[in-house]
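Trainee: Next up is a structure, given as structure tokens.
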Amino acid sequence: MTVYSDPKWLEALVVVAEPLVAGRRVVVFGDAGNGLAGHLVRAGARLVHVYDCDGDRVAREAANQLRGVVVRTLTPDAEFDVREGAFELALIPEFQDVRAIADISAKVRRLVGPAGACIAATRSSAADAPEYYELYDAVSLQFAYVQMLGLLPFGGLTFAELGENESKGVSVDTQLLGEVPLPQRFIAIAAQRDTRLDAYTIVQTDTGSTGASAVMLEELRMKADESTSRGTTFEREATKLRDELGRVQARAGDNHVRAERLNQDLVQLEEALEKQRAFTSKLTRELEQANHAVARSRERIDDVERQLMGAASAIEETEGRALRAEAEEQRLQVVAERAEANALLYQRELLNQGGGYENELQRFEEVLRDRAKQIQQLEHEIVRRERIVKELLSTLEDLGASQASPDQLVALERQCAGLVREVDHQASRAAQLEQRLSDSGKALAERVRLLAEVQLEGESLRAKLDALALETARREGDLQASFWRVAELEGELATRHAAEASNTQDADSLVGHPATPSALT
């Protein structure tokens, strides 16, 4: 496999890609000895892993790398012992050297994950299209966004205004160039999201040092011809140097083993760091969730407190109503007691009056029976007297017919008048007895009516007492329900406070006791 290495082009590539390199984890596929890893570290890369197909070169270059650079062997099956998305940038400076690896583009996509990017380059040849389209097709099948750049040689003079600290724009004039050269390389910038480099960039290199190096090379060649005569002396020294080199290589092998072990420890520490970061992110999310839960709990507690305040005001109002109801109940109870006392008095009076009425009724009935007997006797007497009067009248008629003496007539008339007066007197007495009997009946009816009114008033008082007892029971039930509701709200508030305190303690314990990398590994 032929490895093409150009330090100037690689250094310029790192300068152009510096926005994607600084502070990132970078993986490189290609020659481990081309110096690209050192350029990346100096550009600010946090970690660089280099995968090279040449195992001998990997063994030789592993011990000569800067801190933060890990060199591994790239096997044909290209299995990587890192997680998916472990790197944020992948560099393939010579795509021809690794395109034989199975599915290298798909594996690179998994290494950089959805947030990373890949920069792949290939050399152009006389037939430009195959290299260009081969590179584009290889990356566009795996990445959603692809930017294609071309590397063209540049030579010229720079006219720059002196005394200015800021650049005011660059103007490039190519009219002295003649025929435009073809691109020396094709570069693809690929990612899952829109990631681009500047569309036109000129990187100035130190051309003077390149000319001085050529002069020095010529001088060295001349001196090499002169030093041929002194080869014997140098061979003896070379033998000593070879022996020393053997010892140095032996120590280098030991250093390589130690370096490999340190690299493994570094990888483990990086994995532990990633786990710690993942765990920290998890704790952060859990803390945010706990904060949201605490906020929701506080909102619910505020709602419960507002409900409690409303319930407290309702309780105060209920207590006021209860106090008023108790006062009203006491007043009604006093009224009821008075009504009961009056009812008892009325009842006793009714009982007394009822007994008196019964006695009086019996007396009235006896009087009425006596008066009825008297009236009946008077009626018999009146009938008898009328019969006597009729007999006297008939006697008078008979006497008139027989021409009785005047004295007899006068006596008969006096006797008739006396009988008439006695009849009238008896009739008057009968009328008086009937009037007294009617008055006694009216008095008895009035007392019966009063007794009925007293009974109705007693029943009304009993109904009012029953209604008052029902109202008192209902108000006591409402007051007890209010007390139960207050107790339920207070219990719910205590539960919410306990849950909030538990969430706060859990969040404090999560923040105060983070996991260590050793515990994660």
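The values are calculated or read from the model by the stated rules, or taken from the named source; none is laboratory data. Nothing here was measured: the structure is a model prediction, and the numbers come from that model. We place every Cβ from the backbone using ideal geometry, glycine too, and count neighbours over all the protein chains shown.
Trainee: For D52, work out the one condition from (1) surrounded by fewer than 19 Cβ atoms within 10 Å (Cβ to Cβ); (2) closer than 19 Å to I101 by Cα it doesn't fulfil.
Mentor: So D52 meets the others, but not (1).
Trainee: I need a count of the residues in the stretch 170-202 that are part of a strand (DSSP E or B) and among the aliphatic types (A, V, I, L, M).
Mentor: Adding up the residues that qualify gives 5.
Trainee: Among (1) under 30 Å from A339 (Cβ atoms); (2) of a type in the set (D, E, K, R); (3) in contact (Cβ under 8 Å) with a residue 60 or more places away in the chain, where does E490 come up short?
Mentor: (1)
Trainee: Within the stretch 32-48, is there a residue that is within 28 Å of E134 (Cα to Cα), touching a Lys or Arg at 6+ places or on another chain (Cβ under 9 Å), assigned to a loop (DSSP other than H, G, I, E, B) and in the same structural domain as R185 (by TED's automatic domain parsing)?
Mentor: Checked against the condition, which is being within 28 Å of E134 (Cα to Cα), touching a Lys or Arg at 6+ places or on another chain (Cβ under 9 Å), assigned to a loop (DSSP other than H, G, I, E, B) and in the same structural domain as R185 (by TED's automatic domain parsing), the stretch 32-48 yields at least one hit.
Trainee: Another question about this same structure. Residues of the stretch 131-166 being small (G, A, S), in a loop (DSSP other than H, G, I, E, B) and at pLDDT 85 or above, which ones?
Mentor: A144
Trainee: Quick one: would you say Q347 is at pLDDT below 75, touching a Gly at 6+ places or on another chain (Cβ under 8 Å) and assigned to a helix (DSSP H, G or I)?
Mentor: yes
Trainee: Please work out if E271 is surrounded by 12 or more Cβ atoms within 10 Å (Cβ to Cβ) and modelled with pLDDT of 80 or more.
Mentor: yes
Trainee: Collect the residues in the stretch 97-122 that are surrounded by fewer than 18 Cβ atoms within 10 Å (Cβ to Cβ) and modelled with pLDDT under 85, keeping them in residue-number order.
Mentor: Hits for the stretch 97-122 are R99, A100, A102, D103.
Trainee: Is it true that F87 is among the aromatic types (F, W, Y) and modelled with pLDDT of 90 or more?
Mentor: The answer is yes for F87.
Trainee: May I ask you to list the residues in the stretch 7-43 that are free of Cβ contacts under 8 Å to residues at least 40 places away in the same chain, β-branched (V, I, T) and touching a strand residue (DSSP E or B) at 6+ places or on another chain (Cβ under 7 Å)?
Mentor: Scanning the stretch 7-43 gives a single hit, V41.
Trainee: Which members of the stretch 280-295 meet the condition of being surrounded by 11 or more Cβ atoms within 10 Å (Cβ to Cβ) and either of a type in the set (K, R) or touching a Pro at 6+ places or on another chain (Cβ under 7 Å) (or both)?
Mentor: Result: T280, K282, L283.
Trainee: Hey, among L273, L308, L266, L283, which residue is more than 35 Å from the chain's Cα centre (by Cα), hydrophobic (A, V, I, L, M, F, W, C) and part of a helix (DSSP H, G or I)?
Mentor: L266
Trainee: Now a separate question. Scan T228, T195 and give me the residue that is at pLDDT 80 or above and of a type outside the set (A, V, I, L, M).
Mentor: Answer to the check: T195.
Trainee: Just a yes or no: is a residue in the stretch 455-472 surrounded by 16 or more Cβ atoms within 10 Å (Cβ to Cβ), over 44 Å from the mean Cα position of the chain (by Cα), closer than 18 Å to E349 by Cα and among the hydrophobic types (A, V, I, L, M, F, W, C)?
Mentor: yes
Trainee: Out of R57, R83, I need the residue that is among the basic types (K, R), more than 25 Å from A22 (Cα to Cα) and in contact (Cβ under 8 Å) with a residue 24 or more places away in the chain. Which one?
Mentor: Answer to the check: R57.
Let's see how each residue does on (1) under 27 Å from Y136 (Cα atoms); (2) free of Cβ contacts under 8 Å to residues at least 60 places away in the same chain:
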site: V48; (1), (2): yes, yes
site: A63; (1), (2): no, no
site: V70; (1), (2): no, no
site: P76; (1), (2): yes, yes
site: F87; (1), (2): yes, no
site: E94; (1), (2): yes, no
site: V98; (1), (2): yes, no
site: I104; (1), (2): yes, no
